[in-house]
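Reading through the structure tokens given below for one structure.
The values are calculated or read from the model by the stated rules, or taken from the named source; none is laboratory data. Not measured: the values here are computed from a predicted model. Here the Cβ is made from the backbone with ideal geometry for all residues, glycine too, and neighbour counts use every protein chain on show. Ligands, DNA and RNA are stripped out before the accessible areas are found, and what is left, the full protein with its side chains, is counted by its heavy atoms. Shrake-Rupley method; radii C 1.70, N 1.55, O 1.52, S 1.80 Å.
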Amino acid sequence: MNKKSHKKKQKKRGKGDGRNKENLAEDVTVKEQTEEAQPLSSTRKDKLCYEVKRSDIMGRYVVATRDIRAGEVIIEEPALVVGPCSGCALICLGCYRELDEAAIVQCKGCKWPMCSESCPGKGKYTGHSSYECKTLKSIPPDYSNLEDLKDSYQALTPLRCLLLKTEDLEKWKAVSTMEAHNELRRARGDIWPMNEKNVVQRIKKWGLKYEDEEIHTVCGILEVNAFEVGGSGANARALYDKAYLLAHDCTPTTTHTDAEKKVGRPLTVRASIPHKAGDLITLCYAYTLQGTLKRREHIKVSKFFDCSCKRCADPTELGTYCSAFRCPKCGARVLSTAPLEPHAPWRCTDSGCSYTMPAVAVQMLLKRLSDEFEQIDANDVPGFESFLHKYRNVLHDAHYLCLSALHSLSQLYGKVTDYMIHEMTDQQLNRKIEVCRELMKVFDFIEPGYSRLRGITLYELHAPLMVLTTRDFEKKAISKENLRGRLKEIVSYLTESALILGFEPPQSSEGLMATAAKDALKKIKTWEQIIGKIS
């Protein structure tokens, strides 16, 4: 989700249950069976607003049982297991924050890396549990080979799942019902051998008695169903009992957050847009600010199905043109002739133009531009602006690489050296406004409603508007009526931003932004003493 990532799926299979619930085709009639949705530990069954269904097309998926308001909680549940992401840096086993390799604190029990003896994750099943510590005590880490130690982290989350067999049978039962796609993964030449080397053989080397197939299955369950969680410098992955059943869509209807400081590290799934009874409840398994080729490739590689949602099937991506190039002959848009076919040619949309691009040329161009984009420093405002200018005749304004540059600029303008908000020129402030408005046009389609991206961008949009308004007022270059109109606009942005970001954990960057938005709203009230009531 973007979330931040985000992302999940299935359970133990009956007939037809091995299919993915990626997209429910509108023209397919399916015989559905309502499956009893088990009540969450903190939620009575009769209060659930969803039910789990099953179909031959989608396997298990979730639909609304009644109308759901935007912002309403759909699912809130504790984690079954939490652990390091595969390929992570050297991190604390309790709180998942990256460690300074020159100042590692060793757990007194097992000697594995911790941030401190008082780590909030120590002794908790969502962190470095007592039973994990007991298990790792006989497997001391080799601090003389830090690269090998980092590699060993790939086996830790699978191990935490396996330890549930003896330490928490109920959680193990919930985990073991999730889909692992072993047959598909085994047929791949990359994932299965990599897990065999980094996880299976590692666990066997540690002398732990688990079957090879069982370890591979746990690896698959994590790859298919885990959510990326964490904030404030911490990154981990977690499994949840119900949230993984949500179907995928590249235009998700929900957003989700995890609360790392709460007991059980609960995940909260909220409706980002209103739902009607019977509506499919979805999240996105890919990053929404990517084009169709990249999203479908990621989903195919990591989730083992081909997405065919409305956005993916539409060459225009719901009218956003997030994948469109500019025609070098006439300047019109160049789009895929069949977006669900990766090898389909691309063609200019101008009926009078004959320009086409073979799929292989598109892939090469995207790789070259993506590689160049990745070389831009994260805080380089001129670098992002230069990229946009350089490829203005190659990429459509809303191409996902342009959106990524705009997204970075929306947060850099006003916050980095040489571009602090009160030091920016009027021209730079207007550029920030332009950037935010361009993003909002796209977010309204690909992440509609109460999405995190929308909340952040609304907050970023209010700042330059407020500075420009204040400057005009001080110069007496604005009428009282225009001032009232501008402040009303700013208040609307701050109010919605505070609402959306208020759903985030208070100490996360988004939660702090929500607090800042509320404080800004209070300050604007002082203007009413000058111009009268704003609203």
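Observations on the structure shown:
- The Rg/Rh ratio of segment 58-166, with both radii computed over alpha carbons and Rh defined as the Kirkwood radius, is 1.12.
- Neighbour-limited loop hits for GluC sites (Glu not before Pro), segment 75-156 (at most 14 other Cβ within 10 Å; DSSP other than H, G, I, E, B): Glu101, Glu117
- Placing pseudo-labels 7 Å out from each Cα toward the beta carbon at Arg66 and Cys330 gives an inter-label distance of 5.5 nm.
- Extension gain for the segment Asp418 to Lys522, taken as residue separation times 0.36 nm less the Cα-Cα distance, is 34.6 nm to one decimal.
- On the principal axes of its alpha carbon atoms, segment 348-473 extends 54, 31, 28 Å, with the longest extent given first.
- Portion, in percent, of the accessible area of segment 279-373 that falls on carbon or sulfur, probe 1.4 Å: 56 percent
- Computed over the alpha carbons of segment 117-183, Rg followed by Dmax gives 14.0, 43 Å.
- Furthest towards positive pole of dipole, Val381, Cys322, Ser492, structure part the chain, Cβ charges: Ser492
- Residues whose placed amide H lies under 5 Å from that of Val105, excluding near-sequence neighbours: Met114
- FRET efficiency estimate (nearest 0.05) - Cβ-Cβ, Asp306 to Asp380, R0 25 angstrom: 0.10
- Taking θ as phi - 60° and the Karplus parameters 6.51, -1.76 and 1.60, the scalar couplings of segment 339-346 work out to x, 7, 10, x, 9, 6, x, 10 Hz in sequence order, x denoting glycine and proline.
- Of the cross-linked pairs Lys53/Lys300; Lys390/Lys480; Lys367/Lys432, those separated by over 31 Å at the C-alpha level are Lys390/Lys480.
- For Ile75, the residues whose amide H sits under 5 Å from its own are Val269, ignoring neighbours fewer than 5 places away on the same chain, with H placed 1.01 Å from N.
- Taking label points 7 Å from Cα along the Cα-to-Cβ direction, Asn182 and Gln106 give a separation of 3.8 nm.
- Hz values of 3J(HN,Hα) by residue in segment 480-497 - Karplus curve (6.51, -1.76, 1.60), Gly and Pro given as x: 4, 5, 5, 4, 4, x, 5, 5, 4, 5, 4, 4, 5, 5, 5, 5, 5, 4
- About its Cα centre, the chain has a charge dipole of approximately 820 debye under the convention of +1 per Lys or Arg Cβ and -1 per Asp or Glu Cβ, with nothing else charged.
- Calculated mean residue ellipticity, 222 nm, the chain: -11500 deg cm²/dmol, from DSSP H runs (n ≥ 4) at -39500 (n - 2.57) each, averaged per residue and rounded to 500.
- Shown for segment 120-190: the carbon plus sulfur share of the solvent-accessible area, taken with all protein chains present and a 1.4 angstrom probe, equals 51%.
- Per-residue SASA entry for Ser370, accessible area with 1.4 Å probe, Å² rounded to 10: 30 Å²
- Whole-Hz ³J(HN,Hα) from phi, Karplus 6.51 cos²θ - 1.76 cosθ + 1.60, for segment 356-373, glycine and proline x: 9, 10, x, 4, 5, 5, 4, 4, 5, 5, 4, 5, 5, 5, 5, 4, 5, 4
- Gln507 paired with Glu117, simple spin-label distance in nm, labels 7 Å along Cα-to-beta-carbon: 2.1 nm
- Convex hull volume of the Cα atoms of segment 437-495, normalised per residue: 76 Å³.
- Shape category assigned to segment 457-535 from the gyration tensor of Cα positions, a/c cut at 1.5: prolate
- Close amide H contacts of Val62 (hydrogens built in the peptide plane, cut-off under 5 Å, sequence separation of 5 or more or a different chain): Lys53, Ala247, Ile281.
- Ordering 339-348, 205-214 by mean Cβ neighbour count within 10 Å, with the highest value first, yields 339-348, 205-214.
- Accessible area per residue, Å², the chain with all protein chains present, probe 1.4 Å: 46 Å²
- Above-threshold pairs, the threshold being 26 Å between Cα atoms, out of Lys111/Lys165; Lys310/Lys488; Lys122/Lys150; Lys294/Lys441; Lys108/Lys204: Lys310/Lys488
- Over the chain, the reciprocal of the mean inverse Cα-Cα separation, the Kirkwood hydrodynamic radius, stands at 25.3 Å.
- Each Cα pair under 8 Å and six or more residues apart adds its separation to the average, and for segment 375-435 the resulting relative contact order is 28 percent.
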